[in-house]
Amino acid sequence: MSTPRYLDTRGVADYLMISRNMVPILVQRGSLPPPVQLSARLKRWDREAIDAALAGKKINVQGRETLDEATRRMANELAKGRPNGSKASRGR
């Protein structure tokens, strides 16, 4: 049986063999693309976009920023908002 193209959180977790709790963490880190909002309450991840992201390719799903752009933006936002005494700023 083939994997469907659009996956819910459980489907993404199963596809990548990770826990469901890791899916939003990987999205937040920029390792996975954000889900596609199909309706007000329905979001799904495009399996092809996941494959492209994990292969290190630039992606652009429905006019959204590419994974590289999102990663750079998030890194800049984190750097600006990180308190001076945080573990990350001390090089741990």
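The values are calculated or read from the model by the stated rules, or taken from the named source; none is laboratory data. Every value quoted in this text rests on a predicted model; they were computed, and no experiment measured them. So basically every Cβ, Gly included, is an ideal-geometry build from the backbone, and we count neighbours across all protein chains shown.
Miscellaneous remarks
- Reported count of residues in segment 40-65, each being surrounded by fewer than 14 Cβ atoms within 10 Å (Cβ to Cβ) and modelled with pLDDT of 90 or more, is 5.
- Filter pass, residue 68 being modelled with pLDDT of 80 or more, of a type in the set (Asp, Glu) and out of contact with any Asp or Glu (no Cβ under 7 Å at 6 or more places or on another chain): no
- Residues satisfying the stated conditions in segment 14-35, i.e. outside any loop (DSSP other than H, G, I, E, B), modelled with pLDDT of 90 or more and under 11 Å from the mean Cα position of the chain (by Cα): 22, 23, 24, 25, 26, 27, 28
- Unique match (being crowded, with 16+ Cβ neighbours inside 10 Å and hydrophobic (A, V, I, L, M, F, W, C)) among 36, 27: 27
- Of all residues in segment 2-24, those satisfying the criterion of being surrounded by 11 or more Cβ atoms within 10 Å (Cβ to Cβ) and of a type in the set (A, V, I, L, M, F, W, C) are 7, 12, 13, 16, 18, 22, 23.
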